[in-house]
Structures are given as structure tokens and as C-alpha cells.
Amino acid sequence: MSELYLLDYGAGNVRSLVNAITKLGYEIRPVNQPDDILKAKKLIFPGVGAFGSAMTSLVSKNYVDPLKKYIASGRPFMGICIGLQTLFTSSDESPDVHGLNIVNGRVKLFDNATKSVPHMGWNKTLKRKQGLSAFGLSDDRVYYFVHSYAVPYTEDLATWTLATTQYGDEIFVSVIQKDNIFCTQFHPEKSGYAGLRILRSFLEWNGVSDQPTILCDSVEASSDYLTKRIIACLDVRTNDQGDLVVTKGDQYDVRERDNGGQVRNLGKPVDLARRYFEEGADEITFLNITSFRNCPLADLPMLEVLRRTSETVFVPLTIGGGIRDVVDPDGKLHSALDVAGQYFRSGADKVSIGSDAVYAVERYLENGYKLNGDTAIETIAKAYGNQAVVISVDPRRVYVSSPNETAHHVIKTIYPGPQGQEYCWYQCTVKGGREGRDIDVHQLVTVCEKMGAGEILLNCMDKDGTNSGYDIELIDDVKKAVGIPVIASSGAGRVEHFSEVFERTKADAALAAGIFHRKEVPVADVKNYLRENGILVRSPDN
Ligand code: 1PR
């Protein structure tokens, strides 16, 4: 019987961690009661969500004292993300909540004046102690971070700090190690093979720091090494034969022009996701593109896709399509929060909200710009953290001759409309582009950010499937409007399109679908080209 325990308090995706541990040949059991913590020979605490909800949950389950006793006993303890932060005294995130206070210090919010917050993506760690290679941590690798709060590095924390990371001009504690305690701010279970090496090191560790703890002479900053992310997107639906397939549209039309107008079939979702992980994609996004059709919650086909994908894919997984309140045919109502919870428990790290975000913004504007706290965005962000909520935008261009012709936010475009119009606004659509609404993208993204969204997935219907490059004007405009990360999407056809989007806009990530599915441009070629052009990317063999 395994004596390795997982301290899961029910928030977020711990399935991926369990899958990673299983892949490494170990068995892990969930902590079900306070006694389990005391029985454990090794304990992992993958804190997910927010500092306050994590601590409140530990308190309500009577886990705090056993956890402190466990750590004091000298048995190996690993904390991940919030699992690291809760060891500290307090956090800006939940000022009235006490942490475990094992390390004296405060967790602080990143400054978003000059950078996107959350800090989301792959970044380096710089070791602050010599000789501690035992955890498999390497200064040459990058690891997956996703957080808005961090512990700023100060000399007081030198003895605790195994490694620091720089984000913008801020240096924070990214790995702590002292005695039997080892914690990472990044997610090893989402950091590809580099992360699996770290998990394996912890699993093999006996909890004794037999390594010298000599502080490095040099404590100067590592450089900010946050890489640009390359995301493979899988649009999934059932074809006319009833099989779940990855498809791809041209401007959202997924049916073949000939061949009886069949739904294009480009492969199986789980197999393709696995292929993209092995080829070096930094994230995988699944979009259930016919989610506007009603389906009982328990039958959602993407739940099984996620469960199976998370067994072999160790980078972040996003699921979109149908994240909204759902009514089963028997009348049972499931809130969007419940729906998202099912997906997180099945292996998703983020949920992407499309149509429901548009409706939520419409209600916000109708209600006199008041947040109600009850939208899917707000409820999911509160429970699982802002970083778990992506807004998928499906806009299309509407040309006007002059800004006075519309009340919407317009841009002057260098690509005039059919009648030579020099201005355009971007209209939001719902139901996979089937219906346009009286909301522009600028309104949508700024309000969604207020509601707590952590990232924007910015599609463009005019560009989708055209292979003609990203809509740089749209991406630049949106990136300037929000402080959260923006994923550029729609239109990638060549490696040059990726460098163009990163050179001409501050997009944090670039997503593509068709060119990857049709094997026209492999992920590795994109990354090699970006690297040759001086753009930081994660190496496929990281
Ligand atoms: O409204 O919350 O249920 O979510 C539905 C989701 O399904 C939305 O994220 C919406 O973008 C997506 N969707 C709906 N219909 C389609 C369709 O294509 N008919 N796919 C669709 C949107 C766009 C991108 C695509 C990029 C890159 N697909 O995801 O992958 O444009 O493509 P490219 O590189 O080949 O140009 P809800």
C-alpha cells in the first residue's frame, strides 16, 4: 500500500499530477481525513486556486495541525504553487487569512504596469545554492508558471531559497528547499519532461538534505526568460457518422466544399494532442465547437477526451465550448461553475468561455456597469483563480467610412473595406460565429478583465483558416486594452507569421490549428524560426 499521499482539497486540476506520478511508476493516495496526513511517509500539496480558499479549506477540514506536525516530523514534503505560498505568513491575495507561517514572509501581487499579470508561461529558474542538482532542477530548462502572486526574493529568505525567477523587473522565490521541505512555484506536472524529472527526484528523495547548502556568490538577477508560447488548437465535434473528430474550418465553415459537404476530419483528439505535446507545443487547447447544442452534463464527450489526454500530455490543457449554465433533459440545472469543475477534475487547467462571456458583458452594460458576482467568469475565477478563465473571442470586421458612423470602438486600418472604408470595428459573435451581437471586442475584453478573466484567446473570423497571417491590427489593439495575457489566433500559414505577431504586437502566445493538423508546418519549425529571429521559446526537448 502506497505511503505517498496527495493533499487535495477539491480545487482545480490534480488529475494531471496524479497522472504524472503514475507515469513515473508510483502510486499516490488522496488524503481523506486529518489522520492520513499523520500516516503519510511522503506528502505532496498541489495548492490550486487562491491563497484564501486554500487556507480556509485546510482549516475547515482540520488539516492545519496535522500538516504542521507532519512537516515538523522531518518527512519529505512537496508544495506546488499555492502549496508553496501557504507556507508563508500571509498573502496580498487574502489579507485577512493567516498562512501556515512556517516561513516568515508575505506573498505579493505582481506589478502589472509593465507586464501581463498573471505571469503565465514558461520561465527559467536560477539556482541560489550550489550542489543542489539532486532535484533535477536545471538553470538551462524552463518550467511552467501560472500565478499573479509570488514571494519577492530578499536576503532574509536566502537560506530557504533554492532558486529564483525573474519576471519583468521582479525577482521572486520560485523554489524553496530546506531540511525536508521542497516547494516549487511552477507546476512540474505541467512542465513537460523537465517537470517530470523534478517530480521523480522528489519521489526518490528521503527527505534528508545531504547536499551542501552553500549560497552562491552571485545573487544578481537572472534575466527575464519568459518564453512566447506556441499553442496547438483542436476544434472538436461529432461528424456525420457520429465519431468525435478534430476538424478545421475556413472562416468557421468546417464542411468540405465537395465530398457531399462532410465535416472535415483531421484526426482523433487524444492522438493529435499527444503528437503536439511530443513535438513541443507549449499548450493544447480543445474547443468543442458544437457546444451550443444541449447535452446532458454527464455525457459531455470532452470529459473523456481530457481524462485520456492528461494521461500522456504534461503541458497545460484548455477546454472551451459550452462553459455556461446547462440544463439536462430531465430539467436538472448545472451552473457554469459546476460544468467547469467537471472539466478541471478531468484534467483541464483552464476553461475558455465564448458565447457566455458576450451575454455576461451585455448584461453588465444593461445593468449600468455593475458587476453582480454571479457570471460564469466571476464564479469560476473566484473558485479556481483568474488564471483558470480564458475568454475566447470570435470577432469579425465591420467596415465604416468614419468613426462617427458607429458608437463602437474603431481602428483605422491599412486594409480598406470593399468600398474603400478606412475604419473598422470588431463585432463579437456567439454560437461559433453564427450570430453577431451589438458588442465590440474592446468592450468585451475590458469588461471580462474586470470580471476576473485571466487570459484572452483572440480569434478572428475573417482570418480563420486563410493561412494569410494573424490580424495584427486587432491583436495590437486588444493587447493595448488589457493587462492580462493575450493569445493571438487565426490565420497562421507560415513560420514568418509567428515572428510577425511577436515582433509587431506584445501578444504572449500564438495559436494555430490548420497548419499543424495538415502537417504543413511542424511546431518545431515554428520554434526554430522564432529562436533564429531572437524570440525566446521553449525548446521542444526541454
Ligand atoms: O461559445 O463558449 O460555447 O464556445 C465555443 C467555442 O468554439 C469558441 O471558442 C469558438 O471559438 C469555437 N468555435 C465554434 N465554432 C467554431 C467553428 O470553427 N465553426 N472554432 C469554432 C473556432 C477558431 C480557432 C481556430 C483558430 C486557428 N475556431 O480556435 O483554431 O482560428 O485556426 P487556423 O490556425 O487554422 O487559422 P462557447
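The values are calculated or read from the model by the stated rules, or taken from the named source; none is laboratory data. Just so it is clear, the structure is predicted and the values come from calculations on it, not from any experiment. Methodologically, a virtual Cβ is constructed for each residue, glycine included, from the backbone with ideal geometry; neighbour enumeration extends over all protein chains shown.
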Study note, to complete from the structure: Only one of (1) over 15 Å from the mean Cα position of the chain (by Cα); (2) modelled with pLDDT of 95 or more does not apply to V390, and that is (1)
Review point. With respect to G465, is the statement that it is within 15 Å of the ligand (Cβ to nearest atom) and outside any helix (DSSP H, G or I) true?
Key: yes
Exercise for review: Scan segment 488-521 for residues that are within 22 Å of the chain's Cα centre (by Cα) and closer than 24 Å to A113 by Cα and jot them down.
Suggested key: A488, V501, F502, T505, K506, A507, D508, A509, A510
Practice item. Give segment 101-115 a look and list any residue that's surrounded by fewer than 18 Cβ atoms within 10 Å (Cβ to Cβ) and either free of Cβ contacts under 8 Å to residues at least 24 places away in the same chain or in a loop (DSSP other than H, G, I, E, B) (or both), or say none. Key: N101, D111, N112, A113, T114
**Study point:** Residues (of a type in the set (G, A, S) and surrounded by fewer than 21 Cβ atoms within 10 Å (Cβ to Cβ)) located in segment 410-444
**Key:** G417, G420, G433, G436
**Study point:** segment 358-385 - residue that is assigned to a helix (DSSP H, G or I) and more than 16 Å from the ligand (Cβ to nearest atom) and, of those, nearest to the chain's Cα centre (by Cα)
**Key:** Y384
Revision key, fill the gap. Per the filter on segment 243-280, residues at negative phi and aromatic (F, W, Y) are Y276, F277
Exercise for review: Among the residues of segment 428-444, write down those that are within 14 Å of the ligand (Cβ to nearest atom) and not charged (D, E, K, R).
Suggested key: C428, T429, V430, G432, G433, G436, I439, V441, L444
**Study point:** Checking G417 against (1) touching a residue at least 60 places away in the same chain (Cβ under 8 Å); (2) among the small types (G, A, S); (3) not assigned by TED's automatic domain parsing to the domain that holds L457, the condition it does not meet
**Key:** (1)
Point to revise | Test result for A524, at pLDDT 95 or above, away from the ligand (no atom under 13 Å from the Cβ), of a type outside the set (D, E) and within 22 Å of the chain's Cα centre (by Cα) | key: yes
Check your understanding: Among (1) charged (D, E, K, R); (2) away from the ligand (no atom under 12 Å from the Cβ); (3) in contact with a Ser or Thr (Cβ under 8 Å, 6 or more places away or on another chain); (4) more than 18 Å from N112 (Cα to Cα), which single condition is D471 missing?
Key -> (2)
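Yes/no per residue for (1) more than 22 Å from R15 (Cβ to Cβ); (2) modelled with pLDDT of 95 or more; (3) in the same structural domain as S490 (by TED's automatic domain parsing):
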{"position": "A150", "(1), (2), (3)": "yes, yes, no"}
{"position": "A158", "(1), (2), (3)": "yes, no, no"}
{"position": "T161", "(1), (2), (3)": "yes, no, no"}
{"position": "P188", "(1), (2), (3)": "no, yes, no"}
{"position": "S209", "(1), (2), (3)": "yes, no, no"}
{"position": "T213", "(1), (2), (3)": "yes, no, no"}
{"position": "C216", "(1), (2), (3)": "yes, no, no"}
**Study point:** Of all residues making up segment 159-207, the number that are part of a strand (DSSP E or B) and basic (K, R)
**Key:** 1
Practice item. Might you check whether a residue that is in contact with a Pro (Cβ under 7 Å, 6 or more places away or on another chain) and either among the hydroxyl-bearing types (S, T, Y) or surrounded by fewer than 21 Cβ atoms within 10 Å (Cβ to Cβ) (or both) occurs anywhere in segment 277-284? Key: yes
Practice item. For D338, indicate whether it is buried (at least 23 other Cβ atoms within 10 Å of the Cβ), more than 21 Å from V430 (Cα to Cα) and assigned by TED's automatic domain parsing to the domain that holds N459. Key: no
Exercise for review: State whether the residues of segment 82-93 include one that is under 27 Å from the mean Cα position of the chain (by Cα), surrounded by fewer than 17 Cβ atoms within 10 Å (Cβ to Cβ) and touching a residue at least 24 places away in the same chain (Cβ under 8 Å).
Suggested key: yes
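Listed here are the residues, each with its yes/no results for (1) among the polar types (S, T, N, Q); (2) within 30 Å of L317 (Cα to Cα); (3) over 28 Å from the mean Cα position of the chain (by Cα).
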site	(1), (2), (3)
T22	yes, yes, no
F51	no, yes, no
Y70	no, no, yes
G74	no, no, yes
F77	no, yes, no
